[in-house]
Amino acid sequence: MKKLWGGRFTKSAEEWVDEFGASISFDKELVMEDLEGSLAHVTMLGKCGILSKEDVEQIKSGLKHLQKKAQAGELQFSVKMEDIHLNLESMLIDEIGPVGGKLHTGRSRNDQVATDMHLYLRNQTSDVIDLIQELQQALLTQAEQHVETLIPGYTHLQRAQPISFAHHLMAYFWMLERDKQRFKESFKRINVSPLGAGALAGTTFPIDREYSAELLGFSGIYENSLDAVCDRDFILEFLSNSSMLMMHLSRLSEEIILWSSQEFQFIELDDAFSTGSSIMPQKKNPDMAELIRGKTGRVYGNLMGLLTVLKGLPLAYNKDMQEDKEGMFDTVKTVIGSLRIFAGMISTMKVRSKNMEKATRSDFSNATELADYLASKGMPFREAHEVVGKLVLHCIQKECYLADLTLADFKAASSLFEEDIYTALNPYEAVKRRNSAGGTGFEQVKKAIDKAKELMNGKVHV
């Protein structure tokens, strides 16, 4: 098969060399974006009088026919044609004859592929933002139902203080809100057109880059043709934002895995998001959460891979940059799949409230309440900390908890203790009283949920 760029060459590469250099195996993902960009480009060529009206209409008709075939899955791609651009141009020529070759007037594959990726990431970023919102809604719905459900709060994976389960869930809501805002912020750098920058230096044809950008819905154009064809910052930013998002999902995955274990028994995942064992009939494994935790690594890897590809490249385009696509496609697939799974997993999980509350009563997570109690009576906090530490040690030696001690035991430690100490030790009261802004007190959690609902409805901005 004759290559569309083969005029300068007297010898063809061997088949295995063609296969190594070809990108069609993965950049066929860009078929609809490439056709969309070509339609805008040829329309612009017609507007500027570079191509005749007849040629433009014939080319547009051929491109639209290829769009229909692509949507029906009827296009057959060839490694000999290397990439999505040459494959589609060859198909267009087959469809409408030599006039199809005029489509490439005033552009290069360099600005063409950059345009394709801007279009692709623009669409995918919008989908990611929508899916983050769906997961936020799932968290918000669960949080509304569990404002007064108690759960141990942890530091160092050791029980620290009792908190509202809704408060814990809402921590992830706000993490996701930052993720969403990062994707929204990056959108304006994705939504810029490189089309018409040519190979690196623009073109001698009197094209109208602003017009083609307008046709494609871009907010503007790259101001420098060199920058336009070799910029991959917008992909790096997407991969970076995706890495932070996956890190947050991985952290929540880890907690879900712990919470659903026999040791915790705080939640039960729906069967749709769990699997069994081929040998142990009793098993219900949180495989989807584990997969998301594991897939986080590949998203990190895609970011590091592209950073490494780009770090030593001179301007402008280099073949190395062909390595920008597979990691991008893989990250999009991973992030979108993970968000969809998570929204379903959170919305269907069963919360075992009694087990959670029981856990807050069989530990020393109310020790801080005891120290705060003494501090409120006038004792310096450092002294109160030591008094309570000794009481905890006493309980450990006696194999009991603070609430099991008698008033006489408390009085022996400090005369400041009164009968109301047992109210202070109650986990429910302890959580209820933590009413500082952003705290776990029930009224504060309700305020946070109300603010989150307004945010989701577009009434406030963060």
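Read the figures in this text as sums done on the coordinates, not as results from a lab. Here the structure is a predicted model, which is why all the values come from computation and not from measurement. Please note: Cβ atoms are built from the backbone with ideal geometry, for glycine as well, and neighbour counts cover all protein chains shown.
Taking Cα atoms only, the orientation of helix 84-96 departs from the longest principal axis of the chain by about 40 degrees. Descending by average beta-carbon neighbour count within 10 Å, the peptides 307-317, 249-259 line up as 249-259, 307-317, the highest first. Secondary-structure-derived ellipticity at 222 nm for the chain, considering helices only, amounts to -20000 deg cm²/dmol, per-run term -39500 (n - 2.57) for DSSP H runs with n ≥ 4.
Counting other beta carbons within 10 Å of each residue's own, what order do C230, C400, C48, C395 fall into, fewest first? In order of increasing Cβ crowding within 10 Å: C400, C48, C395, C230. Rounded to the nearest 20 debye, the dipole size of the stretch 364-449 about its Cα centre is 340 debye, using +1 on the Cβ of Lys and Arg and -1 on the Cβ of Asp and Glu. Summarising the amide proton neighbourhood of I163: residues at separation of 5 or more, or on other chains, whose placed amide H is nearer than 5 Å comprise I151, G153. Ordering 34-47, 183-196, 211-224 by mean Cβ neighbour count within 10 Å, with the highest value first, yields 34-47, 183-196, 211-224.
If you keep only loop residues by DSSP, which GluC sites (Glu not before Pro) in the stretch 381-450 have at most 15 other Cβ atoms within 10 Å of their Cβ?
Answer in residue order: E399, E418, E419.
Within straight-line reach of K47, meaning a Cα separation under 28 Å, sit the following lysines at least 8 residues removed in sequence or on another chain: K60, K64, K68, K69, K102, K188. Sequentially through the stretch 255-265, phi angles give Karplus couplings (6.51, -1.76, 1.60; θ = phi - 60°) of 5, 4, 4, 5, 4, 8, 6, 4, 5, 9, 6 Hz, Gly and Pro residues having no value and appearing as x. Working note: Karplus 6.51/-1.76/1.60 with θ = phi - 60° gives the stretch 375-382 the couplings 5, 5, 8, x, 6, x, 4, 4 Hz, where Gly and Pro are set to x.
Its Cα gyration tensor gives the stretch 15-105 an equivalent ellipsoid; the semi-axes, largest first and in whole Å, are 24, 14, 11. For the peptides 275-286, 198-209, the ranking by mean Cβ contacts within 10 Å, running from highest to lowest, is 198-209, 275-286. Maximal additional length on extending the M247-D227 stretch stands at 4.1 nm, based on 0.36 nm per residue less the C-alpha distance. One quarter of the convex hull surface built on the alpha carbon atoms of the chain amounts to 30.1 nm², the projected area averaged over directions.
Full extension of the chain between T141 and K69 gives 21.7 nm of extra length, using 0.36 nm per residue less the Cα-Cα distance. How many percent of the alpha carbon pairs in the stretch 302-427 exceed a separation of 20 Å? The answer is 64 percent, as a whole percent.
When the trypsin sites (Lys or Arg not before Pro) in the stretch 357-462 are filtered for DSSP coil states and for at most 15 other beta-carbon atoms within 10 Å of their beta-carbon, the remaining sites are K377, K459. Its Cα centre serving as origin, the chain has a Cβ charge dipole (Lys and Arg +1, Asp and Glu -1) of approximately 280 debye. Think of the stretch 364-449 as a dipole: +1 on every Lys or Arg Cβ, -1 on every Asp or Glu Cβ, centred on the Cα centre; then among A367, G439, L407, G439 lies furthest on the positive end. How far, in degrees from 0 to 90, does helix 109-145 lean away from the longest principal axis of the Cα atoms of the chain, to the nearest 10? Helix 109-145 and the main axis of the chain meet at about 20 degrees. Here the Karplus relation 6.51 cos²θ - 1.76 cosθ + 1.60, evaluated at θ = phi - 60°, turns the backbone of the stretch 222-232 into coupling constants of 5, 7, 10, 5, 4, 4, 4, 8, 10, 6, 10 Hz, with x for every Gly and Pro.
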